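What follows is a single structure, written as C-alpha cells, with notes after it.
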Amino acid sequence: MTHLIEVNNVSKVLSRRRVLDAVSFNVPKFSITGFIGPNGAGKTTLIRILTGLISFQGDVKLNRVPISNKTEALREVGAMVETPVFSLYMTGYQNLYALAMLDSSMSKQERKKRIAEVLELVGLTGREHHKVKGYSLGMKQRLGIAQALLNHPDLLILDEPTNGLDPMGIKEIRDIILKLNRERGVTIFVSSHLLGELEKICDHFIVIQEGKIVKQGSKESILIEGGTEHLEDAFLQLMFGGQ
Ligand SMILES: Nc1ncnc2c1ncn2[C@@H]1O[C@H](COP(=O)(O)OP(=O)(O)OP(=O)(O)O)[C@@H](O)[C@H]1O
Ligand SMILES: [Mg+2]
C-alpha cells in the first residue's frame, strides 16, 4: 500500500513541554484519514510540521520525499492550517488570482481556468466577485480550501476545517471532501476534536491524546478491535477501557 504521509518517531518540545512524543503513523493513498484529538492534544503542531512550518525531531515523508527537501515534498500538497489568510478587501477571485500568480509555470489562460475549476469544486461560483469581507465563515473556509487546491494537490491537509461552522456549513465541507476524494482521487488528512464530524466521511482514523498516538487504523479494524458496530463506542472503549 502506498502511503502519502509517513510520520516516524516525531517529537516536538515547546516551552520545555513535550507536545508531541514519539508520534508515528501512516496515511494511505486515496484514503480520507481523520486526525482526532481533544483541544491541546497536538494536532495543529503536527500539521505545522507536515507542512514544513516548524522544526522537529524524527522523520516525515510526504509522497516518499523527506520533508527536509521541502520544495519537492510539498509539490503535490495543498494545506489549510488554522484560519486561512486572505485580503478581506479583495474579492474571492482576486485572492485566488494573487496566489495563482506565484506559480510562474501557468499562463494567464491556465490560471483563469484553474481558478474557475476550484471555485466550482468548493461551491463558490457566482460569489467570486464579492469582497471576502462580506463572506460567511463557511464561505471563508471554502475559499481557504480553494486556495489549497490551486496547485492540483494529490494530498490535501486540513486543520479543523469545520471549526465554528453551523450544521449546514459543516455539511458543505464534508461534501467537498467526499467529492475531492471520490471524483478526483485526492487523499485527505483532516483534523477535528469532534469524532462526530469525521466519522461519516473518514475510512481511516488516527487518535492523538496529550501528544501521543493512542489509536490508528482503518474504520473496520477499529470497530472489530472494539467489538462494536459503532465508532463512538470503540473510542469510548479505547479512552475509558469500557468502564
Ligand atoms: N508556541 C507554543 N509554546 C508553548 N506551548 C505551545 C505553543 N504552541 C502550542 N503549545 C501547546 O502545545 C500543545 C498542543 O497544541 P496544538 O495547538 O498542537 O493542539 P491542538 O490539538 O491543535 O488543539 P486544538 O484542538 O485546540 O486546536 C498545547 O498544550 C498548547 O498549549
Ligand atoms: Mg489546533
Worksheet entry | Those aspartates and glutamates that a straight Cα-Cα span of less than 20 Å connects to K61, excepting residues fewer than 8 apart in one chain | E6, D21, E72, E76, D154, D159
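On a full-extension model of 0.36 nm per residue, what is the gain between S11 and N39, subtracting their alpha-carbon distance, rounded to one decimal in nm?
8.3 nm
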Fill in: Dipole magnitude (debye, nearest 20) for the stretch 110-183, charges at Cβ of Lys, Arg, Asp, Glu
320
Worksheet entry | Cα pair count fraction exceeding 22 Å, expressed as % - the stretch 48-190 | 39
Item to complete: Would you mind calculating the gained length between K108 and I201 on full extension (0.36 nm times residue separation, minus the Cα-Cα distance), in nm to one decimal?
Response: 29.9 nm
Item to complete: Specify which residue in the list S31, Q57, A100 is farthest towards the positive end of the charge dipole of the chain, using unit charges on the beta carbon of Lys, Arg (+1) and Asp, Glu (-1), about the Cα centre.
Response: A100
Response to the item:
Charge dipole of the chain built from unit charges on the beta carbon (Lys, Arg +1; Asp, Glu -1), centred at mean Cα; most positive-end Cα among T2, Q216, P153 is P153
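Treat every Asp and Glu Cβ in the stretch 7-60 as -1 and every Lys and Arg Cβ as +1, leave all other atoms uncharged, and give the resulting dipole magnitude about the Cα centre to the nearest 20 debye.
For this selection, approximately 180 debye.
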Item to complete: Kindly provide the helix-only [θ] at 222 nm of the chain, computed as the sum of -39,500 (n - 2.57) over DSSP H runs of four or more divided by all residues, to the nearest 500 deg cm²/dmol?
Response: -10500 deg cm²/dmol
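Please work out the ratio of the alpha-carbon Rg of the chain to 2.2 N^0.38 Å and round it to two decimals.
1.02
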Worksheet, complete the sentence: Any aspartates and glutamates whose Cα falls less than 16 Å from that of K113, other than same-chain ones fewer than 8 residues away, would be D103, E128
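Using the per-residue mean of other Cβ atoms lying within 10 Å as a proxy for protection, in what order, highest first, do the peptides 133-141, 20-28 fall?
20-28, 133-141
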Practice prompt. Measure up K179/K219; K43/K112; K70/K108; K108/K179; K131/K179 against 23 Å on the Cα-Cα distance and list the ones that go over.
Written response: K43/K112; K70/K108; K108/K179; K131/K179
Item to complete: For the stretch 146-243, count all C-alpha to C-alpha pairs, find those more than 20 Å apart, and express that count as a whole percent of the total.
Response: 43
Worksheet, complete the sentence: P(r) over all Cα-Cα pairs of the stretch 1-100, 10 Å bins from 0 to the longest distance, whole percent per bin, short to long, reads 13, 41, 30, 15, 1
Worksheet entry | With at most 13 other Cβ atoms within 10 Å, longest stretch of the chain clear of loop GluC sites (Glu not before Pro) (DSSP) | 83-228
Worksheet entry | Most fluctuating residue given options S11, S87, S105, as computed from a GNM of the chain linking Cα atoms under 10 Å | S105
Worksheet item: Any idea what angle helix 231-240 forms with the longest principal axis of the chain, computed on alpha-carbon atoms, 0 to 90 degrees, nearest 10?
Response: 50
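Each value in this text was obtained by applying a stated rule to the coordinates, not by laboratory testing. Being a predicted model, the structure only gives us computed values, none of them experimental. As a convention, Cβ positions derive from the backbone with ideal geometry for all residues, glycine included, and neighbour counts pool all protein chains shown.
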